[in-house]
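The structure appears right after this line, and notes come after that.
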Amino acid sequence: MFSRKHPYLFFILIFSSIVLFSFMVISAFFSIGANRSGFKGKDSVGIIEITGVIVDSKKILSDLKNFAKNDSIKAIVLRINSPGGGVAPSQEIFREINKLKVRKKVIASMGSVAASGGYYIAAAADGIVASPGTITGSIGVIMGYTNFKELIDKIGLKPVVIKSGKYKDMGSPVREMSKAEKKVLQDFVDKIHMQFVKDVASGRKLDIDKVKDIANGSIYSGEDAKAYGLIDRLGNLEDAIEWAGHLGGIKGEIFTVYPKEDSSLLIKKLLMESVVNLMETFFVKIQNSDNLSVSCISNQRQ
């Protein structure tokens, strides 16, 4: 009777129950998965994946610290597949790896690309493994911007800038850069580049002058990188895991452990997709049965 008198309210109640049930099932699934991960009590190699552009170090630093505290993890493999990214986050990860190496061995495994900031991170490891065709190197620093002055002049706009110092709007896209400003930025880039060179030389135990010669921004294949001393071995991820396990003193089968993912983010994503799909179905049914307009819902989603 209730469903006949109040069909839409009845649907909302059913819909809410489905969402709640789904949330409970997904939460339980991730809880079980978390309990099963890690091969508790077995000596393992921890694997941390560094993928995409490096813009933030927080998650990676947290994973490194957690693995450092886990006594069952005897060594760590950094699986790097990144073209680089921000200087500061790359330096933060580099520093944390150096601190971690005092307690556990760290091996870097390069995927299809581990260049610039990706190589910066790898250079801190005890050893580096790459495929012959891996793109690596690119030891350099770049700073760039787009200048719209000519376009603004054609449109007839006149930008007005009020600043506290002569260099405060340095790199402004609405005017030409002065020679003095170019020198300031070039000096800044050169200093950051020298930090990169020093860290690579230190991490790889190479002569700094040798690193300077190859730190011109060029990319190298894994094969060439080995010839230059930028990596140690040619191989894949399994080779890196085997090497790390050996260095960690693991005998027999080598188990691998990945960091626990933030299940709440995936749960929220799945729930939101479910909500959107169900709501779309609900409003389409309303429109078909009662000829109600759903333009408001459509507009919000466009």
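Worth pointing out:
- Considering GLY140, GLY165, GLY171, GLY118, the condition of being outside any strand (DSSP E or B), surrounded by fewer than 22 Cβ atoms within 10 Å (Cβ to Cβ) and in contact (Cβ under 8 Å) with a residue 60 or more places away in the chain is satisfied by GLY140 alone.
- Residues that are under 20 Å from GLY144 (Cα atoms), crowded, with 19+ Cβ neighbours inside 10 Å and not assigned by TED's automatic domain parsing to the domain that holds ASP199 do occur in the stretch 101-115, at least one of them.
- Residue match in the stretch 235-246 (condition: over 30 Å from ILE73 (Cα atoms), part of a loop (DSSP other than H, G, I, E, B) and modelled with pLDDT of 95 or more): no
- Hits in the stretch 215-233 - residues which are part of a loop (DSSP other than H, G, I, E, B) and in contact (Cβ under 8 Å) with a residue 60 or more places away in the chain: ALA215, ASN216, GLY217, SER218, LEU230, ILE231, ASP232
- Scanning the stretch 121-137 for residues that are in a helix (DSSP H, G or I) and touching a Phe, Trp or Tyr at 6+ places or on another chain (Cβ under 8 Å) yields a count of 1.
Each row is one residue, and each column tells you yes or no for (1) more than 25 Å from LYS212 (Cα to Cα); (2) of a type in the set (A, V, I, L, M); (3) touching a helix residue (DSSP H, G or I) at 6+ places or on another chain (Cβ under 8 Å); (4) modelled with pLDDT of 95 or more.
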residue	(1), (2), (3), (4)
ARG103	yes, no, yes, no
ILE107	no, yes, yes, yes
SER112	no, no, no, yes
GLY117	no, no, yes, yes
ILE128	no, yes, yes, yes
SER131	no, no, yes, yes
GLY137	no, no, yes, yes
GLY144	no, no, no, no
ASN147	yes, no, no, no
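- Any chance ILE48 is assigned to a strand (DSSP E or B) and over 16 Å from the mean Cα position of the chain (by Cα): no
- Of all the numbered requirements in (1) in contact with a helix residue (DSSP H, G or I) (Cβ under 8 Å, 6 or more places away or on another chain); (2) assigned to a helix (DSSP H, G or I); (3) crowded, with 20+ Cβ neighbours inside 10 Å, ILE76 misses one, and that requirement is (2).
- For the stretch 152-161, the count of residues that are touching a Leu at 6+ places or on another chain (Cβ under 7 Å) and modelled with pLDDT of 90 or more is zero.
- Note on the stretch 196-215: residues that are exposed (fewer than 15 other Cβ atoms within 10 Å of the Cβ) and within 17 Å of VAL87 (Cα to Cα) total 1.
- In the stretch 113-139, the residues that are of a type in the set (Gly, Ala, Ser) and within 27 Å of VAL189 (Cα to Cα): ALA114, ALA115, SER116, GLY117, GLY118, ALA122, ALA123, ALA124, ALA125, GLY137, SER138
- Selection of the stretch 223-265 for residues being over 22 Å from the mean Cα position of the chain (by Cα), exposed (fewer than 14 other Cβ atoms within 10 Å of the Cβ) and under 28 Å from VAL200 (Cα atoms) yields ALA227, GLY249.
- If the condition is being assigned to a loop (DSSP other than H, G, I, E, B) and either within 30 Å of ILE107 (Cβ to Cβ) or of a type in the set (Ser, Thr, Tyr) (or both), then the stretch 174-205 contributes SER178, LYS205.
The values are calculated or read from the model by the stated rules, or taken from the named source; none is laboratory data. Keep in mind the model is a prediction, meaning the values are calculated, not measured. For neighbour counting, all protein chains shown are included, and Cβ atoms are generated from backbone atoms with ideal geometry for every residue, glycine included.
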